[in-house]
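Since the structure comes first, as structure tokens, the remarks are kept for the end.
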Amino acid sequence: MSRYGMSIDLNIDCGRLDRIVTEQTCSTFSAIREMYARNVYLRLFDVARITWQAGIDAGGNRGMFTVFLSQLCRDVVYIEPQLHFRQALQLLLRDNPSSCKVHIENLFLGGAKAPGFITVPEILSKYGLSRVTLCKFDVEGAEFDVFLGDSSWLKSVDNIAMEVHGRAGNPHVLVDTLVACGFRVTARDASLRPVDPGHADYICASRTGALL
């Protein structure tokens, strides 16, 4: 990845990853194009203003964003309930070694404690993270549950990049919650063009001035 103010070399074997995750309709190459070429999660940030200390990749899938964060951060938490993706993540981490501690949680992300779920406050406590400099969320509609419960955890987060699934709730409420917690927020459509929050496909937010 060599756009938007940073250059990171990643070794990604598309064929091996696709053989691991055979049932997915989205190929590894398509994921590369979405995450690194279109840069849907970081395109709206001044990455030079992100300190890259700790990250959370919620909805980690193959681990494409986790392996990227692992080249920058000291700690990364990968959250993905589908166990078959774990082998893909482990391959990416082997092929792209770093000193980062990557913590794997094969659980659903939720807004309250429940069997099979983990909350952001639990993650912060479990791994001793006093501050998370970037959270990426792609959790298939669970973002509404995560953000609309106890939002006190947001005070420990600097920047958020989130894919929004409007079928699960009104994105206006997500924006209102973030603004109330001191974030500057932008709502974008699938092409990353500014839209009314109610039509958002992506929401990006920063409390540290990193949002462009």
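The values are calculated or read from the model by the stated rules, or taken from the named source; none is laboratory data. The structure presented is a predicted model; accordingly, all values stated were derived computationally and were not measured. Quick reminder, even Gly has a Cβ in these numbers, built from the backbone with ideal geometry, and neighbours come from all protein chains shown. Remember, those area values only see protein heavy atoms, side chains included, never the ligands or the DNA or RNA. Shrake-Rupley method; radii C 1.70, N 1.55, O 1.52, S 1.80 Å.
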*Of the conditions (1) over 21 Å from residue 34 (Cβ atoms); (2) over 14 Å from the mean Cα position of the chain (by Cα), residue 77 clears all except one; give me its number.*
(2)
*Can you find even one residue in segment 42-55 that is open to solvent by 10 Å² or more (accessible area, probe 1.4 Å), closer than 21 Å to residue 152 by Cα, outside any loop (DSSP other than H, G, I, E, B) and out of contact with any Lys or Arg (no Cβ under 9 Å at 6 or more places or on another chain)?*
no
*Given the residues 38, 62, which is the only one that is in contact with a helix residue (DSSP H, G or I) (Cβ under 8 Å, 6 or more places away or on another chain) and charged (D, E, K, R)?*
62
*Please enumerate the residues belonging to segment 166-188 that are at pLDDT 95 or above, within 26 Å of residue 69 (Cβ to Cβ) and surrounded by 14 or more Cβ atoms within 10 Å (Cβ to Cβ).*
171, 174, 175, 177, 178, 181, 183, 184, 185, 186, 187, 188
*Residue check, residue 29 open to solvent by less than 40 Å² (accessible area, probe 1.4 Å) and of a type in the set (Phe, Trp, Tyr)*: no
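For segment 196-205, which positions are farther than 14 Å from residue 170 by Cα and either in contact with a helix residue (DSSP H, G or I) (Cβ under 7 Å, 6 or more places away or on another chain) or without any contact (Cβ under 8 Å) to a residue 40 or more places away in the chain (or both)?
205
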*asked:* I'd like to verify a number: residues in segment 10-69 that are touching a Cys at 6+ places or on another chain (Cβ under 9 Å) and without any contact (Cβ under 8 Å) to a residue 12 or more places away in the chain, how many?
replied: 1
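Restricting to segment 117-141, and then to whatever is among the small types (Gly, Ala, Ser) and modelled with pLDDT of 95 or more, can you tell me which residue is surrounded by the most Cβ atoms within 10 Å (Cβ to Cβ)? Lay out the reasoning, then the answer.
Step one: of segment 117-141, the residues among the small types (Gly, Ala, Ser) are 125, 128, 130, 141.
From what is left, the residues that are modelled with pLDDT of 95 or more are 125, 128, 130.
Values: 125: 11, 128: 8, 130: 8.
Within segment 117-141, the match that is surrounded by the most Cβ atoms within 10 Å (Cβ to Cβ) is 125.
Which residue is nearest to the chain's Cα centre (by Cα), if the candidates are limited to segment 130-174 and must be among the charged types (D, E, K, R) and in a strand (DSSP E or B)?
Narrowing segment 130-174 to residues among the charged types (D, E, K, R): 131, 136, 138, 140, 143, 145, 150, 155, 158, 163, 167.
Next cut, in a strand (DSSP E or B) only: 136, 163.
Working: 136: 2, 163: 9 Å.
Filtering first and then ranking leaves 136.
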*Can you spot a residue in segment 16-26 that is modelled with pLDDT under 95, among the acidic types (Asp, Glu) and either assigned to a loop (DSSP other than H, G, I, E, B) or more than 26 Å from residue 188 (Cβ to Cβ) (or both)?*
yes
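So is residue 69 within 20 Å of residue 118 (Cβ to Cβ), loosely packed, with under 13 Cβ neighbours inside 10 Å and either touching a Pro at 6+ places or on another chain (Cβ under 8 Å) or not polar (S, T, N, Q) (or both) or not? Spell out how you get there, then give the answer.
Values: within 20 Å of residue 118 (Cβ to Cβ): yes; loosely packed, with under 13 Cβ neighbours inside 10 Å: no; either touching a Pro at 6+ places or on another chain (Cβ under 8 Å) or not polar (S, T, N, Q) (or both): yes.
Taking the combined requirement at face value, the residue does not satisfy it.
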*Tally the residues that are surrounded by fewer than 20 Cβ atoms within 10 Å (Cβ to Cβ) and in contact with a helix residue (DSSP H, G or I) (Cβ under 6 Å, 6 or more places away or on another chain), restricting the search to segment 72-92.*
1
*How many residues are exposed (fewer than 15 other Cβ atoms within 10 Å of the Cβ) and more than 17 Å from the chain's Cα centre (by Cα) if we restrict to segment 190-199?*
6
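Would you confirm whether or not segment 11-19 contains a residue that is of a type in the set (D, E, K, R), in contact with a Phe, Trp or Tyr (Cβ under 9 Å, 6 or more places away or on another chain) and surrounded by 15 or more Cβ atoms within 10 Å (Cβ to Cβ)? Full working, then the answer.
At the first step, the residues of segment 11-19 found to be of a type in the set (D, E, K, R) are 13, 16, 18-19.
Okay, now just the ones that are also in contact with a Phe, Trp or Tyr (Cβ under 9 Å, 6 or more places away or on another chain), so 18.
If we keep only those that are surrounded by 15 or more Cβ atoms within 10 Å (Cβ to Cβ) as well, we get 18.
Checked segment 11-19: at least one residue is of a type in the set (D, E, K, R), in contact with a Phe, Trp or Tyr (Cβ under 9 Å, 6 or more places away or on another chain) and surrounded by 15 or more Cβ atoms within 10 Å (Cβ to Cβ).
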